[in-house]
1. Give just the number: which of (1) free of Cβ contacts under 8 Å to residues at least 12 places away in the same chain; (2) in contact with an Asp or Glu (Cβ under 8 Å, 6 or more places away or on another chain) does A33 not satisfy?
2. Looking at this structure, is D45 open to solvent by 60 Å² or more (accessible area, probe 1.4 Å) and modelled with pLDDT under 90?
3. For the range 98-111, what are the residues that are under 17 Å from S126 (Cβ atoms) and hydroxyl-bearing (S, T, Y)?
4. Show the residue pairs meeting these rules: Cβ distance below 6 Å; 6+ apart or different chains; first residue within the range 80-97 and under 17 Å from R120 (Cα atoms); second residue open to solvent by 50 Å² or more (accessible area, probe 1.4 Å).
5. Regarding the range 54-66, can at least one residue be identified that is open to solvent by 60 Å² or more (accessible area, probe 1.4 Å) and either more than 21 Å from T95 (Cβ to Cβ) or touching a strand residue (DSSP E or B) at 6+ places or on another chain (Cβ under 8 Å) (or both)?
6. Can you find a residue in the range 122-129 that is of a type outside the set (A, V, I, L, M) and touching a Gly at 6+ places or on another chain (Cβ under 8 Å)?
7. What do you reckon, is I116 among the β-branched types (V, I, T), more than 13 Å from the chain's Cα centre (by Cα) and surrounded by fewer than 18 Cβ atoms within 10 Å (Cβ to Cβ)?
8. How many of the residues making up the range 69-94 are under 9 Å from the mean Cα position of the chain (by Cα) and of a type in the set (S, T, N, Q)?
Amino acid sequence: ERIRANRESRRADASRARADEIALVLARRAARAAAEGMLEEASQDVAKAASGTSNDEILQLAFEFYFGVGNLKEAEAIARARLAIHGANAKSTSTASAYNNLGSLLFVQSKLKRAIQMYRKSLRISKSIGGLLPGIEDRVR
């Protein structure tokens, strides 16, 4: 029984890894399509890639895509999903990055006080784990 459970667990892990691999290929293909001006194709690929994944690299690529094309609603949903996955109070680069993303969203919407709050959260987390996100200190001065 235990051997069978271990085997099933390994299969599930391999299946998740394969799904993440496919989603990452889709996210990268979307980035290329967007760079070539094929936004509809890129948007479809990003939506497929981000759907149901907890892979932080894929979610960050999706955030960057949506933010870059001005779809702030989807960009915010991705940033908040990253916080939900990694924990809003987690001391991780993923959480710091998600707060940085939210700060950027609020900044472009001219919600400067809230943007600074998000940048500061990102900075606090980054400092606590010994690494700073590029440019973060400049955003909170």
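1. Only one criterion in (1) free of Cβ contacts under 8 Å to residues at least 12 places away in the same chain; (2) in contact with an Asp or Glu (Cβ under 8 Å, 6 or more places away or on another chain) is unmet by A33, namely (1).
2. Details: open to solvent by 60 Å² or more (accessible area, probe 1.4 Å): no; modelled with pLDDT under 90: yes.
No, not satisfied.
3. Scanning the range 98-111 gives Y99, S104.
4. Within 6 Å, the pairs are K91/S128; K91/I129; S92/H86; S94/H86; T95/H86.
5. Taking the range 54-66 as the starting set, the residues that turn out to be open to solvent by 60 Å² or more (accessible area, probe 1.4 Å) are 54, 57, 64.
With the extra rule that they be either more than 21 Å from T95 (Cβ to Cβ) or touching a strand residue (DSSP E or B) at 6+ places or on another chain (Cβ under 8 Å) (or both), the set shrinks to none.
No, the conditions are met nowhere in the range 54-66.
6. Taking the range 122-129 first, the residues of a type outside the set (A, V, I, L, M) are 122, 124, 126-128.
Next, from what is left, pick out any that are touching a Gly at 6+ places or on another chain (Cβ under 8 Å): 122.
Looking for residues that are of a type outside the set (A, V, I, L, M) and touching a Gly at 6+ places or on another chain (Cβ under 8 Å), one finds at least one in the range 122-129, hence yes.
7. Values: among the β-branched types (V, I, T): yes; more than 13 Å from the chain's Cα centre (by Cα): yes; surrounded by fewer than 18 Cβ atoms within 10 Å (Cβ to Cβ): yes.
Yes, satisfied.
8. 1
The values are calculated or read from the model by the stated rules, or taken from the named source; none is laboratory data. All values reported here derive from a predicted model rather than from experimental measurement. With ideal geometry, Cβ positions are generated from the backbone for all residues, glycine too; neighbour counts draw on all protein chains shown. Note: areas computed on protein heavy atoms with side chains; ligands, DNA, RNA excluded. Shrake-Rupley method; radii C 1.70, N 1.55, O 1.52, S 1.80 Å.
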